[in-house]
Amino acid sequence: GGDGTVTPTANDSASSTIGSAGGSLATPSGNASLNIPANALNSNIPITISQTTEGDPPGGLIGSYEFKPDGLTFNNSATISVKYDPALISEGINEADLKLAYASGGEWIIISNSTVDTVNHIVSGQTTHFTKFSIKPPPLPYDRLIGNLNSVEVRSNGESLTSTNVNTVDGVITGYKWQCVEFVNRYYLQIYGKNIILNGPQGTNDGNKYYQTATTRGLASYPNDAPEPPQVGDIIVSEGGVHGHSHR
């Protein structure tokens, strides 16, 4: 709505045919919109905007929106705008630093000249092609405490990895600060008293090594087709897609 609030919808999509005269399109919620200038297209093209939750960028400010036809290019830049919920911005993040981003090759590429309307909570940016778009906040400052799980601290790694900056708990190196695998190692050490650290650089783990050598650390391995679903306390190991294994 006009008050800048984000209204989730189960199927927030819209379609229209836009030609050389240009035109605009917005989803029913108003969370995503598009403005194509005149002469950006050479002919009439059916345009669709639809929300998706697959492969969202980190930050959780809003889901992703697919602009189709995927790969469509423009003679002149089109403007894409996406609305966000300011209540979901992490402490320490400046609202004005939010960026529109697009998916490319499994990564989210920011549009550096994005603009932020902090009154209506909208991030806008220009593009010459269609793909999936969303909002990407800047990384949190390194070592920022962002929460805890059962008293085990979760800290920001600042999207950086320093090979010499490792964490130690009671003399045990749990891994690089503050990577995802380091948290799993530290959690099992603090909550279960179980050292599941495998051999690797500075005592860190590749996630799949949990499955490969689980029994050597007192864990039971269950493949995707296990007879029971994962339980609380299990480690879910992804292999880069929907495949995975759980350990306990």
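General remarks:
- Matching residues in the stretch 130-151 - criterion: being open to solvent by 60 Å² or more (accessible area, probe 1.4 Å), assigned to a loop (DSSP other than H, G, I, E, B) and more than 17 Å from Leu98 (Cα to Cα): Tyr142, Asp143, Arg144, Asn150, Ser151
- The set of residues from the stretch 197-248 being among the hydroxyl-bearing types (Ser, Thr, Tyr) and either loosely packed, with under 14 Cβ neighbours inside 10 Å or at pLDDT 75 or above (or both) comprises Thr215, Thr216, Ser221, Tyr222, Ser238.
- Enumeration of residues in the stretch 105-122 that are within 16 Å of Ser81 (Cβ to Cβ) and assigned to a strand (DSSP E or B): Ile110, Thr115, Val116, Asp117, Ile122
- If you go through the stretch 92-104 and pick out every residue that is in a strand (DSSP E or B), of a type in the set (Gly, Ala, Ser) and either within 20 Å of Tyr142 (Cα to Cα) or in contact (Cβ under 8 Å) with a residue 40 or more places away in the chain (or both), you end up with 2.
- One residue from Ile49, Ile80 being within 22 Å of the chain's Cα centre (by Cα) and closer than 15 Å to Thr128 by Cβ: Ile80
- Meets criteria (open to solvent by 60 Å² or more (accessible area, probe 1.4 Å) and modelled with pLDDT of 95 or more) for Asn39: yes
- The residues of the stretch 152-179 that are of a type in the set (A, V, I, L, M, F, W, C) and either at pLDDT below 80 or part of a loop (DSSP other than H, G, I, E, B) (or both), listed by number, are Leu161, Trp178.
- Residue in the stretch 181-191 that is surrounded by 12 or more Cβ atoms within 10 Å (Cβ to Cβ) and either more than 26 Å from Leu145 (Cα to Cα) or at pLDDT below 80 (or both) present: no
- Residues that are part of a loop (DSSP other than H, G, I, E, B) and without any contact (Cβ under 8 Å) to a residue 24 or more places away in the chain were ranked within the stretch 43-90; the one that is surrounded by the most Cβ atoms within 10 Å (Cβ to Cβ) is Glu54.
- Within the stretch 91-103, the set of residues being more than 28 Å from Leu145 (Cβ to Cβ) and buried (at least 22 other Cβ atoms within 10 Å of the Cβ) comprises Leu100, Tyr102.
- When restricted to residues that are charged (D, E, K, R) and more than 18 Å from the chain's Cα centre (by Cα), the stretch 83-100 contains 0.
The values are calculated or read from the model by the stated rules, or taken from the named source; none is laboratory data. If you're wondering where the values come from, they're calculated on a predicted model, not measured in any experiment. Don't worry about glycine lacking a Cβ; one is built from the backbone with ideal geometry, like all the others, and counts go over all protein chains shown. The accessibility values were calculated without ligands, DNA or RNA, using every heavy atom of the protein model including side chains. Shrake-Rupley method; radii C 1.70, N 1.55, O 1.52, S 1.80 Å.
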